[in-house]
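For reference, the structure is listed below as structure tokens.
The values are calculated or read from the model by the stated rules, or taken from the named source; none is laboratory data. Since the model is a prediction, treat every value here as computed from it, not as a measurement. Protein only, heavy atoms only, side chains kept; ligands, DNA and RNA dropped before computing areas. Shrake-Rupley method; radii C 1.70, N 1.55, O 1.52, S 1.80 Å.
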Amino acid sequence: MNDQELLKSLKQYKDVFGDSFPTVPLMRSRTEEEIVEIIEKCISEKKDVHEMGYLPPLDDDIQY
């Protein structure tokens, strides 16, 4: 895996979901390959990381 593949996947995630991939909570304990797999799965399922269960749902009452 090279950095270009990861950057391409991160851009695709933003293009599809209109929001950046949450790198800080998800990249701490995962490899670049795992992150690309997560992004690919999210895109194919048309669900973001919260909907897929990788992170808890966002609280609509909190301004992030």
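One table, with the values for the structure above:
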item	result
Residue among D3, D15 that alone is modelled with pLDDT of 95 or more and acidic (D, E)	D15
Residues within the range 5-43 that are of a type in the set (G, A, S) and open to solvent by 80 Å² or more (accessible area, probe 1.4 Å), tallied	1
Scan of the range 23-48 for residues that are within 8 Å of the chain's Cα centre (by Cα) and either among the basic types (K, R) or at pLDDT 95 or above (or both), ordered by number	I35, I38, I39, C42, D48
Residues satisfying the stated conditions in the range 11-42, i.e. aliphatic (A, V, I, L, M) and more than 18 Å from G53 (Cα to Cα)	none
